[in-house]
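The values are calculated or read from the model by the stated rules, or taken from the named source; none is laboratory data. As the structure is a prediction and not an experimental result, all values here were calculated from the model. We place every Cβ from the backbone using ideal geometry, glycine too, and count neighbours over all the protein chains shown. Calculation scope for accessible area: heavy atoms of the full protein, side chains included, ligands and nucleic acids excluded. Shrake-Rupley method; radii C 1.70, N 1.55, O 1.52, S 1.80 Å.
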Amino acid sequence: MTLFNSFLATRLTDYIAYRQSLGFSTKALYAHLKTFDRYLARRQKEPAALPASFFLELRADLKVESRSINRVISTVRMFFGYLVRCGDYAVNPVKGIPLLSENEIIPFIFSAKQVDQLLLVVCRTIRKQPRYFMKDLAVYLVILLLARCGMRISEPVRLLKHHYRQSERTLYIEKTKFKKDRLIPVPKAVNTQLQNYLNARNNLMDDAHNPFLLAGSRCGGLTPERVRFIFNQAVKAIGIEQPRRVVGRTNFCAPTVHSLRHSFAVNTLLQVKSRQGSPQQALPVLAAYMGHSEYKHTVKYLKMVDADQREQLLDFVLTQKR
């Protein structure tokens, strides 16, 4: 980890260590504090008390989207709260700094048909040569789990062999984004493909000491970068690649690996509705299945349009803009 350079470098490092001691991930925290540290090193060479106006200037000078600016300000506010508790500051100078109004985010949603097309293209990319076959098959299984089980990309690549309970047809997801564990049932069709992969792996790979469920090599797992590369190639192949568009205060997102998670949630609610069920009543089950830390993260899917309506909305907005 690169050292901080401002006069608060030591305290920033202490804060990172403090958060780690509490069990929090510090990757995003470090990135936000590094942004603050660079600005502080450039604007304030000597140690001094920082007034609230300094942070207003910081907020104005950051040349990124409002969402990113708010993340930096919120992180810096927590850091100075830590300094107040340590007795370095009497008052938190960032406490009264308001956050900016954020753009509305409309994620890319794959239709059920597009998900099927994507998986078919990924399946066809599996190379038959012995040195590539099992790794390519593992990548396909990761994308299959993202699409059919609504996982985050970090979850399938970190699965270990003992996390899969074949007799119960379940996967144990350990230490998710919000440090929660969950046990999810695997759809029957997905379970069949997972068993086929494990049978092929037992016959073709000598990797008894590899603890990962989906092997990227003889001794290790897959990298998210490899999964993203194959995913992006498949998106191009089925002709739905498109850039992120910002129209007014609305962000229309490009298709990403995480779009499969959004699509799983939206398409699941659409299936419930097509069976004359209540999407609202299905939300608690969906929230538990997806491992949301708060119910509000699942409720937002009720407001999301499906794939066809999203494209119609984007076309309409672009037409009005022109």
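Once the Cα atoms are used to define both axes, helix 188-204 deviates from the longest principal axis of the chain by about 80 degrees.
Per the Debye calculation on the chain with a single equal scatterer at every Cα and no solvent contribution, log₁₀ I(q)/I(0) for q = 0.09, 0.12, 0.14 Å⁻¹ amounts to -0.62, -1.01, -1.20. With Cα atoms as the point set, the radius of gyration and Dmax of segment 29-126 evaluate to 20.5, 62 Å. The Rg/Rh ratio of segment 160-268, with both radii computed over alpha carbons and Rh defined as the Kirkwood radius, is 1.03.
Taking Cα atoms only, the orientation of helix 9-21 departs from the longest principal axis of the chain by about 40 degrees.
Hey, if you put +1 on the Cβ of every Lys and Arg and -1 on every Asp and Glu Cβ in segment 210-273, which of 222, 250, 237 ends up farthest toward the positive end of that dipole? Going by the Cα projections, it comes out as 250.
Averaged over its residues, the chain has an accessible area of 55 Å² per residue, based on protein heavy atoms and a 1.4 Å probe. Sort out for me the Cα centre separation of segment 162-215 from segment 1-50, rounded to whole Å. A separation of 39 Å, based on Cα centres. For segment 76-100, backbone nitrogen atoms closer than 16 Å to the point 7 Å from residue 56 Cα along Cα-to-C-beta are found at 93-100. Legend: calculated FRET efficiency, residue 237 to residue 66, from the Cβ-Cβ distance at R0 = 41 Å, rounded to 0.05, equals 0.75.
Share of carbon and sulfur in the accessible area of segment 240-290 stands at 55%, probe radius 1.4 Å.
Taking the C-alpha atoms only, the angle from helix 279-290 to the longest principal axis of the chain is near 80 degrees.
Indicate the gyration tensor shape class of segment 239-297 (rounded, prolate or oblate), computed on the Cα atoms with a ≥ b ≥ c the square roots of the eigenvalues: a/c under 1.5 is rounded; otherwise a/b larger than b/c is prolate and the rest oblate. It comes out prolate by the Cα gyration axes.
For residue 117, the shell of other residues with beta-carbons less than 14 Å away shows a net charge of +1, using +1 for Lys and Arg and -1 for Asp and Glu. Sorting the segments 65-74, 16-25 by their mean number of nearby beta carbons within 10 angstrom, highest to lowest, gives 65-74, 16-25. With the simple spin-label model, which puts each label point 7 Å out from Cα in the Cβ direction, the residue 274 to residue 31 separation comes to 3.6 nm.
Taking each residue as 0.36 nm, the span from residue 172 to residue 229 lengthens on full extension beyond its C-alpha to C-alpha distance by 17.9 nm.
Here the chain is treated with +1 on each Lys and Arg Cβ and -1 on each Asp and Glu Cβ, and its dipole about the Cα centre works out to around 180 debye.
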